[in-house]
1. Checking the structure you have, find out if any residue of the stretch 19-28 is small (Gly, Ala, Ser) and farther than 26 Å from Gly134 by Cα.
2. Say we look at the stretch 250-263 and pick out the residues that are closer than 15 Å to Ala120 by Cα and in contact (Cβ under 8 Å) with a residue 24 or more places away in the chain; which of these is surrounded by the most Cβ atoms within 10 Å (Cβ to Cβ)?
3. If you check every pair at least six apart or on different chains, which have Cβ atoms under 8 Å apart with a residue in the stretch 126-144 that is in contact (Cβ under 8 Å) with a residue 60 or more places away in the chain first and a residue that is among the aromatic types (Phe, Trp, Tyr) and buried (at least 24 other Cβ atoms within 10 Å of the Cβ) second?
4. Among the residues of the stretch 44-52, is any under 15 Å from Gly290 (Cα atoms) and either touching a helix residue (DSSP H, G or I) at 6+ places or on another chain (Cβ under 9 Å) or surrounded by 22 or more Cβ atoms within 10 Å (Cβ to Cβ) (or both)?
5. Take the conditions over 25 Å from Val113 (Cβ atoms), out of contact with any His (no Cβ under 9 Å at 6 or more places or on another chain), of a type in the set (D, E, K, R) and surrounded by 15 or more Cβ atoms within 10 Å (Cβ to Cβ) and apply them to Asp167. Does it pass?
6. Taking into account only those residues within the stretch 99-114 that are on the phi < 0 side of the Ramachandran plot and assigned to a loop (DSSP other than H, G, I, E, B), which is nearest to the chain's Cα centre (by Cα)?
7. List every residue pair whose Cβ atoms sit under 6 Å apart, with the two residues 6 or more apart in sequence or on different chains, where the first one lies in the stretch 38-64 and is in the same structural domain as Val25 (by TED's automatic domain parsing) and β-branched (Val, Ile, Thr) and the second, anywhere, is outside any helix (DSSP H, G or I) and buried (at least 19 other Cβ atoms within 10 Å of the Cβ).
Amino acid sequence: MDQLVAGMDVGGTKTQVMVLRGDVVIANETVATSSWRTWRVEDDARGLAEFARRVAGAPLQGLAVGAHGCDSDAQCRALQKALETELGCQVTVVNDSELLVPAAGYVSGIGVVSGTGSIAVSRDGEGHMLAAGGWGWILGDEGSAAAIVREAAKAVRGAIDRNRLDDPLIGSMLAALGTTEVTKLGRLLNEVRGAAEWGRHANMVFDAANNGSALARRVIVEGAEALAGLVRILVDRGANSSIVVAGGTVFARQELLFDTFRTAVRTFSPQSEVVLLTADPVVGAAAMAGRVLTGRPVQRAL
């Protein structure tokens, strides 16, 4: 009988597991990450193992996990060992953005996420993690949903200070926040602080750009160029740039962001194939789990 393996995509808001017997998907389920995550490695490993066992319905022979928050080899290794103890099978753990490349059908390359947050991740020739970005919405997360709203608010603030009130982004942002008073902009945003809360207004910025807002378009272009800048950092550190896979909800939904990002990457890495991920990232985890058992190349925490 074919072996039972699972791939798991642990995101900031949801966790998805896909179980396969051989090449056949037999189960696929999603839960809220908040339902199990404590940020304590042993407890989190126990919660993930219970979720995987319940969905699989039988002992697993292999598991691959892409985990939001595992931003170094040491963090990946700690969760990997704890899961191996819980499940008694071979486990590999990587950052969740590392699922993009295998989900797109490749073995190595650079994965770039633009969703609630943003990060670019790859591996060097020795298999060590290379990461750029991912510093959170206050310090960075360039080109993410939250950062686009943050930068749009700053652009609106600057326009108001200069008494340039004709850009469509100003009215769109005030309407999104439920006010007509420009002086309330900062206070209202401060009251709903948080990446997810700010990020849900990102579509408003893209809509404003489509309606002729020069401010919104500038914010989006600068966000895309900043994401490309993360790729450049990894290239300078030795990442394989032949394949660059872009994923996450903002990339997936906003053509302007992806097109500008692709153009920006090709200015410094013209040989790169820049692709937009259309599959669920968990597909990449499932592919990695299969490689663990077959001995084909797979990134493991060193």
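1. Step one: list which residues in the stretch 19-28 are small (Gly, Ala, Ser), which gives 22, 27.
If we keep only those that are farther than 26 Å from Gly134 by Cα too, we end up with 22, 27.
Checked against the condition, which is being small (Gly, Ala, Ser) and farther than 26 Å from Gly134 by Cα, the stretch 19-28 yields at least one hit.
2. Just the residues of the stretch 250-263 that are closer than 15 Å to Ala120 by Cα, to begin with: 250-251, 258, 261-262.
Within this subset, residues satisfying the condition of being in contact (Cβ under 8 Å) with a residue 24 or more places away in the chain are 250-251, 258, 261.
Working: Val250: 29, Phe251: 24, Phe258: 20, Phe261: 26.
The extreme case among them is Val250.
3. Every condition considered, the pairs that remain are Gly143/Phe261.
4. Here is the first cut: in the stretch 44-52, the ones under 15 Å from Gly290 (Cα atoms) are none.
Checked the stretch 44-52: no residue is under 15 Å from Gly290 (Cα atoms) and either touching a helix residue (DSSP H, G or I) at 6+ places or on another chain (Cβ under 9 Å) or surrounded by 22 or more Cβ atoms within 10 Å (Cβ to Cβ) (or both).
5. Numbers: over 25 Å from Val113 (Cβ atoms): yes; out of contact with any His (no Cβ under 9 Å at 6 or more places or on another chain): yes; of a type in the set (D, E, K, R): yes; surrounded by 15 or more Cβ atoms within 10 Å (Cβ to Cβ): yes.
Against the criterion (over 25 Å from Val113 (Cβ atoms), out of contact with any His (no Cβ under 9 Å at 6 or more places or on another chain), of a type in the set (D, E, K, R) and surrounded by 15 or more Cβ atoms within 10 Å (Cβ to Cβ)), Asp167 qualifies.
6. From the stretch 99-114, those on the phi < 0 side of the Ramachandran plot are 99-104, 106-108, 110-114; that's our starting set.
Now drop any that are not assigned to a loop (DSSP other than H, G, I, E, B), which leaves 104, 106-108.
On the way: Ala104: 14, Tyr106: 17, Val107: 18, Ser108: 17 Å.
For the stretch 99-114, the residue satisfying everything is Ala104.
7. Val55/Val17; Val55/Val19
This table checks each residue for (1) among the hydroxyl-bearing types (Ser, Thr, Tyr); (2) over 19 Å from Asp141 (Cα atoms).
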{"residue": "Arg237", "(1), (2)": "no, yes"}
{"residue": "Ile243", "(1), (2)": "no, yes"}
{"residue": "Gly248", "(1), (2)": "no, no"}
{"residue": "Ser269", "(1), (2)": "yes, yes"}
{"residue": "Ala285", "(1), (2)": "no, yes"}
{"residue": "Gly290", "(1), (2)": "no, yes"}
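The values are calculated or read from the model by the stated rules, or taken from the named source; none is laboratory data. These numbers come from a predicted model, not from an experiment. Glycine gets a Cβ as well: all are built from the backbone with ideal geometry, and neighbour counts include every protein chain shown.
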